[in-house]
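So the structure is just underneath, and the comments pick up after that.
The values are calculated or read from the model by the stated rules, or taken from the named source; none is laboratory data. Computed from a predicted model, the values in this text were never measured in an experiment. We place every Cβ from the backbone using ideal geometry, glycine too, and count neighbours over all the protein chains shown. To get the accessible areas, we keep the full protein, side chains included, count just its heavy atoms, and leave off ligands, DNA and RNA. Shrake-Rupley method; radii C 1.70, N 1.55, O 1.52, S 1.80 Å.
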Amino acid sequence: MLEDAHGELTRGFMTTVKVLSSLFELRGGRLAGHSRRVADTARQLTHGLGIEESAAQDVLLAALLHDIGKIGLPDHLMEKSFNTMSASERTQMMTHAQRGEMVLMAVDQLKKAANLVRHHHECYDGSGYPDHLAGLAIPIGARILAVANDFDALQMGTLVSRPLKPSEARAFILENRGKRYDPAVVDVFMAQV
């Protein structure tokens, strides 16, 4: 009976996470399905990197919720590619990682995922945001999310000025190996995705 109750709580929690994840995607447009695709890619990468199951679960949760901090941003920002935004628009957009962390920290089971959400835009060379972490100082889950998120964003056209074909998005990821992305994550990405 205790096992059944635990299973029901776990299913209820995951359903709640999926509902939260879909809230942002209700805005429609090219964002529909983004979190699910990022989660699928992140899952492949965690398996390929041999990440232990509990840490892989945190990566999956973070992938599903990584854009929750964008909920309060204006619609016109959601339709622009990051590299076509003005400096003030970029500053506004760049708050979403911290805002997402703040929202998720209220739920004990999401605190580790919240940390990954905060750091999913950090770059391996230290040029990312919000904390300008570099290399192994960036949590492995956030390094995984960076590749998974950008692969989909490149194909949607939300990172660069036009949507890229999958082969072009893969080339972008490879070109930024060791700069924007962790080389080990990129190597698994290139082999598995």
Could you tell me the largest-minus-smallest coordinate of the C-alpha atoms of the stretch 116-160 on each of the three principal axes, in descending order and whole angstroms?
29, 18, 15
Tell me, what is the 1.4 Å probe accessible area of V185, in Å² to the nearest 10?
0 Å²
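What do the square roots of 5 times the Cα gyration tensor eigenvalues come to for the stretch 47-109, in whole Å, largest first, as semi-axes of the equivalent ellipsoid? Intermediate values should be presented prior to the final figure.
On the way: eigenvalues 155, 44, 15 Å².
With the √(5λ) rule applied to the stretch 47-109, the semi-axes are 28, 15, 9 Å.
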Top to bottom by accessible area (1.4 Å), largest first, where do E101, E168 land?
E168, E101
Cα-based reach from K165 at 28 Å (exclusive), listing lysines while leaving out same-chain residues under 8 positions away
K18, K70, K80, K179
Between helix 2-25 and the chain, what is the angle of the helix's C-alpha long axis to the longest principal axis, kept within 0 to 90° and rounded to the nearest 10?
30 degrees
To the nearest 10 Å², what's H121's accessible area with a 1.4 Å probe?
30 Å²
Applying the Karplus parametrisation 6.51 cos²θ - 1.76 cosθ + 1.60 with θ = phi - 60° to the phi angles of the stretch 71-86, what ³J(HN,Hα) value in whole Hz is obtained for each residue in order, glycine and proline being reported as x?
3, x, 7, x, 4, 4, 6, 5, 8, 9, 6, 4, 6, 9, 6, 6
Helix 183-192 against the longest principal axis of the chain: what's the angle in degrees, Cα atoms only, rounded to the nearest 10?
80 degrees
Considering only protein heavy atoms, what per residue accessible area in square angstrom results for the stretch 27-85 with a 1.4 angstrom probe?
41 Å²
Counting only residues 5 or more places away or on other chains, whose amide H sits under 5 Å from the amide H of Y181 once H atoms are built in the peptide plane?
Y124
Give the angle, between 0 and 90 degrees and rounded to the nearest 10, that separates the Cα long axis of helix 53-65 from the longest principal axis of the Cα atoms of the chain.
60 degrees
I'd like the accessible area for S54, computed on protein heavy atoms only with a 1.4 Å probe and all protein chains in place. Round to 10 Å², please.
70 Å²
First compute the accessible area of the stretch 89-145 with a 1.4 Å probe, then give the percent of it belonging to carbon and sulfur atoms.
57 percent
Net charge of Cβ neighbours under 15 Å - reference G126; Lys, Arg +1; Asp, Glu -1
-1
